[in-house]
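Coordinate-derived values only; no laboratory data. Since this is a predicted model, take the numbers as computed values, not measurements. Here the Cβ positions follow ideal geometry from the backbone for every residue, glycine too, while neighbour counts run over all protein chains shown.
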């Protein structure tokens, strides 16, 4: 006798549906469990019961010849399909998927555009959102709230599966004809159900979306259903499991079957007793608030629970939902401040969980793609570290570099880019290669961005671009995309750069964008990608930064001054590296010159500006000596004098060894100081020259005193030096010489 078929219409990722389904399966004890899903991936279903499988996870199917053509089927702990699969494995029931094979779905994706019937079906409001139609009929504003009240959060929902089937039957009588694909899906499921009923010696449980229940309950001839499946496109597919994340289960991520609050739905599943569900959720809110440094009393939590239940009663809901608990938490725990709630809402409602898959999982497409590219580029993964030098002018060198840069974008640092050495060319890269076992896990985790290395790297960079608030960070991401030969991401980055630059007036932000932009222009020489847009954009940003610099450099504290100093030095290097038009460079140097005469300019910034102008030969040695004397005059506050001297000479102490005019200018200023001023500034001198090692200090003293030694008496002063240098300064320099000799 064929097995009796029982249809369970569920909502994907519904904890209430999952709980009622497990109860129904326990009561029915079916011999076979059939689940809506790609039939050709049924052999992977039992892996859901593997102890090493940690939700959220997703069933990934992809075309073997075109991995970009892929589909994900996510599962959470509270997904009814997931619980049904675990029940079947636990009770030894037959288990398989019954929906159209993935080979059909992916083949359809690669085929021609949708036909008219499919287009009309997708525009039908009932077919597009049947739950929303039921909610509207019940007086609800959205389907989420109605479904939660009736099923997910209702302590006594009654016979929900029969009620859902009746409701869907009524809805389907109001809709038009099905799309070609939907008709084929339901035909395939009917065929599979009939086969399972014929072969089973006990009840058959069918777990499917609520919308399909009436169609699967219909009696159709086998021949008519097979006719609907004729001529369907097919491709060769592969399937595996991939880790998923809680944020990607949210509807806000773009996932059509997602839920509004994955964190709340996980809480509904984990908290079995509905009487304590609201108090447990409020306890979580209190814990998170306290971890953020907020004071939350137990009395406030009790009041929040009372308020949430009162709100639920006023709104006619069977129990407080996350909206009522949110409102009561804002009122009682957040002092009425919505900003406090917004600070913790994502952690509570969305979550940050990441799934894990067993070690026995079939090879994921990113790993397969990596193996293909390793063979193509002749790069063998090795556990021992080895050096690799690439010439980007060769096809093989460029291909290897591109692969390593794409992996770096995926946080898989198989190769780490080493310093280029003395060469300033753009056609050579030095890498240190070392393969670590965890890199394979990271590749699997990146499947959420794409099923090929190029697609995943591009997707990850584009996602970072969309959330990057800083112009400099955006420029760095654009540079990474261009170096990795990710044309789509590069184009998106350049467009975003142009838009953000037009809206940015902050000097530090503009300066921070110049180094990565210079790298883009520089690497454009050796890469296939082009950067014509940036050739015009970078000069514009330089001019904007030059106009803003004199105002941005005024009256800064130590931390802000240090940050701006680093940005100015980075911008100077970028401007020289990019070889911009001389007029643009002159604009930049003009802005630096203005800092020298601005009494409000922070002195360390003015010192950096003076050094850059001196190095560019726009400030002569005599003028530098006069400037030093003015900026470090006895009446100048010690902090201002120290800042200018440090900015002027920091990291350039070595230059005093070789640059006679600069050394003589400093010499002249030091010799002009009286004893009290010299002693006051000794800590400053010590800090500036501390960057010199013992050998460099000795060479500097050689240059100052002359190269002749006179045994144990130390350095022999040049003729006239004793008259030029006051006695107190000679003694100090002799002490410095002794320190250099130790």
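Some points to look at:
- Subtracting the Cα-Cα distance of residue 28 and residue 230 from 0.36 nm times their residue separation leaves 69.2 nm of extension gain.
- Ratio of Rg to Rh for the range 1-90: 1.00 [Cα atoms; Kirkwood radius as inverse mean 1/r over pairs].
- For the range 5-253: rounded, prolate or oblate by the Cα gyration tensor [a/c cutoff 1.5]: rounded
- Modelled this way, with points 7 Å down the Cα-to-C-beta line, the labels at residue 559 and residue 547 are 3.0 nm from one another.
- Peptides 309-320, 55-66 ranked from most to least packed give 55-66, 309-320, packing being the mean of other C-beta atoms within 10 angstrom over each peptide's residues.
- Inter-label distance for residue 620 and residue 198, nm, one decimal - labels placed 7 Å from Cα along Cα-to-Cβ: 10.3
- FRET efficiency for residue 315 and residue 535, using Cβ-Cβ distance with R0 set to 41 Å, rounded to 0.05: 0.10
- Here r is the Cβ-Cβ distance between residue 391 and residue 442 and R0 is 30 Å; the resulting FRET efficiency, rounded to 0.05, is 0.60.
- Stretch gain in nm, segment residue 372-residue 679, where the contour uses 0.36 nm per residue and the Cα spacing is subtracted: 103.7 nm
- Length available on full extension from residue 136 to residue 505: 0.36 nm per residue minus the Cα-Cα distance, which gives 128.0 nm.
- Shape category assigned to the range 184-227 from the gyration tensor of Cα positions, a/c cut at 1.5: oblate
- For the range 365-454, the square roots a ≥ b ≥ c of the C-alpha gyration tensor eigenvalues yield an a/c of 1.5 or more together with a/b exceeding b/c, which makes the shape prolate.
- Cα-projected label distance for residue 177 with residue 488, points at 7 Å along beta-carbon direction, nm: 3.4
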